[in-house]
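Please read the structure below before turning to the comments.
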Amino acid sequence: MARDEALGPPAHSGWEFWIDRGGTFTDVVGRRPDGALLTHKLLSQDRERYQDAAIAGIRHLLGVAPGEPIPTERIAGVRLGTTVATNALLERRGEPTVLVITEGYRDALRIAYQNRPRIFAREIVLPELLYTRVIEARERVDAHGRVIVPLDEGAVERDLRAAHDEGFRSVAIVCMHGYRHALHEIAIGRIARRTGFTQVSESHATSPLMRLVSRGDTTVVDAYLSPILDRYVAQVSEELDGVPLMFMQSSGGLTDAHGFRGKDSILSGPAGGIVGMARTSAAAGFRRVIGFDMGGTSTDVSHYAGEFERQYETQVAGVRMRAPMLSIHTVAAGGGSVLHFDGGRYRVGPDSAGADPGPACYRRGGPLTVTDANVMLGRIRPEHFPHVFGPAGGQAIDAGVVRDRFAALAAEIGDGRPPEEVAAGFLEIAVTNMANAIKKISVQRGYDVTRYALATFGGAGGQHACAVADALGMRQVLIHPLAGVLSAYGMGLADVTAMR
């Protein structure tokens, strides 16, 4: 049964913080000991003012000045969703990783299933591999557990020591039939730890199911991303010494910070939004809803009709992985999506201005974006937008530079349209992109979208909700009072879960 968010969870002896660290903004919901909810929104990146936005948000709500120790005795718990690992995967900034695999299969993950995303393309561009080096282990166990080739531990140790000497600290171990007969994987893992590897991902522990390629890919993702997460968890834990710290997993459930793995972190932030959307919609009496989460970098859409939809094998940024994730469809159309005119047509995205430099109105010299188009049309008012811009972080957005930039763009296009019409044209394209994304998860799967409510949230969702609903023939739009920070609020409504 859904909890009534109007009443809120019961009061506790200390503050609780529920945080969504997104690509552009970090949203913080703080619950005081008396049960009252406070919210705060700040840029995810502002190196001049703070190292980590989540910690800065906690300091703000507690009234603690930068540099002063956080009074952890006042905090009962922190729940956090983060895009740290997602961004590392998208930008290929994970930990340099060694793959140890059964001899003769060094190219198995590269060959994979020979899927071609564009079947008629003459030039096949394969995604960049996450592992940098391959070590072939002389070993083989058959499907019944019989050892055909004993493990050559000496050779494996020599190769791992050589990789360690070159600076590698992360290793993924994948043996044939290792999901069921893990004797050799355990031995290689023991050797790797003895050699000095700090991140050892073994396939029988990471993805204990058959199919070498899916199991191997998931293990490599875990080895590639877990060290990035571990460093972030250590950084947050150091500031919050002794405070219970939970992280949101892609599956929609919370886990202890030390159990948060790379493979389970890809949809950490968006998953909080889906949980928040489902619980608040049910409390408001809606059983069939389309989730519409428009943030600064992208728009996430989801289908909910009484139970969470999950997928267990997926592909993110060209990388296959097998881990339970909430079913979310993402399009590159957020508030920070960059507006382009290529000489013949308008385009929105897929590139984003992010938090730094951000949209043109953020006072950092950024490009024109969807947010700027809304400023141009008066749908975003400087006096109501968060005053977190400028050198000191206390100024409003700059509407003047937006008007100047759109005037220059209208002159460049040269078809006689005023700047306002140019801005409206770009917004129409963005709305079409988002409506098409919703059709993919509803109409194309046989659901009558006109019988659903559009549950709108995210920092930019309310600016486009009615236009998207009109484009789809939807009659009801649900906007929660905490819609702008619903992904963070969802962390507080989520359960601690483990999936087996």
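Restricting the search to segment 177-197, which residues are under 26 Å from Ser214 (Cα atoms), assigned to a loop (DSSP other than H, G, I, E, B) and not aromatic (Phe, Trp, Tyr)?
If the condition is that a residue be under 26 Å from Ser214 (Cα atoms), assigned to a loop (DSSP other than H, G, I, E, B) and not aromatic (Phe, Trp, Tyr), then His177, Gly178, Arg180, His181, Ala182 are the ones that fit.
Taking the criterion of being more than 21 Å from Thr297 (Cα to Cα), basic (Lys, Arg) and modelled with pLDDT under 90, would at least one residue in segment 470-486 satisfy it?
no
If you check Phe308, Phe385, which single one turns out to be without any contact (Cβ under 8 Å) to a residue 40 or more places away in the chain and either in the same structural domain as Leu454 (by TED's automatic domain parsing) or part of a loop (DSSP other than H, G, I, E, B) (or both)?
Phe385
Somewhere in segment 417-437, is a residue in the same structural domain as Phe457 (by TED's automatic domain parsing), farther than 16 Å from Ser337 by Cα and assigned to a loop (DSSP other than H, G, I, E, B)?
Yes; the residues of segment 417-437 include at least one that is in the same structural domain as Phe457 (by TED's automatic domain parsing), farther than 16 Å from Ser337 by Cα and assigned to a loop (DSSP other than H, G, I, E, B).
Name the residue, out of Ala396, Ala392, Ala373, that is crowded, with 24+ Cβ neighbours inside 10 Å and not aromatic (Phe, Trp, Tyr).
Ala373
Where in segment 110-176 are there strands (runs of 3 or more DSSP E), lying wholly inside it, with at least 2 residues that are over 16 Å from Gly216 (Cα atoms)?
The strands (runs of 3 or more DSSP E) meeting that bar are 147-149.
Residue-by-condition table, conditions (1) out of contact with any Ser or Thr (no Cβ under 9 Å at 6 or more places or on another chain); (2) crowded, with 18+ Cβ neighbours inside 10 Å:
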| residue | (1), (2) |
| --- | --- |
| Ile124 | yes, no |
| Pro127 | yes, no |
| Tyr131 | no, yes |
| Ala137 | no, yes |
| Arg140 | no, yes |
| Arg146 | yes, no |
| Leu151 | yes, yes |
| Ala155 | yes, no |
| Leu160 | no, yes |
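Of the residues Asp342, Asp372, only one is in the same structural domain as Gly400 (by TED's automatic domain parsing) and at pLDDT below 90; which?
Asp342
Which numbered condition in (1) over 25 Å from Glu313 (Cβ atoms); (2) touching a strand residue (DSSP E or B) at 6+ places or on another chain (Cβ under 9 Å) is the only one that Thr132 fails?
Of (1) over 25 Å from Glu313 (Cβ atoms); (2) touching a strand residue (DSSP E or B) at 6+ places or on another chain (Cβ under 9 Å), only one is false for Thr132: (1).
The values are calculated or read from the model by the stated rules, or taken from the named source; none is laboratory data. Note that the structure is predicted; figures quoted are calculated from it, not measured. Using ideal geometry, Cβ is built from the backbone for each residue, glycine included, and neighbour counts are taken over all protein chains shown.
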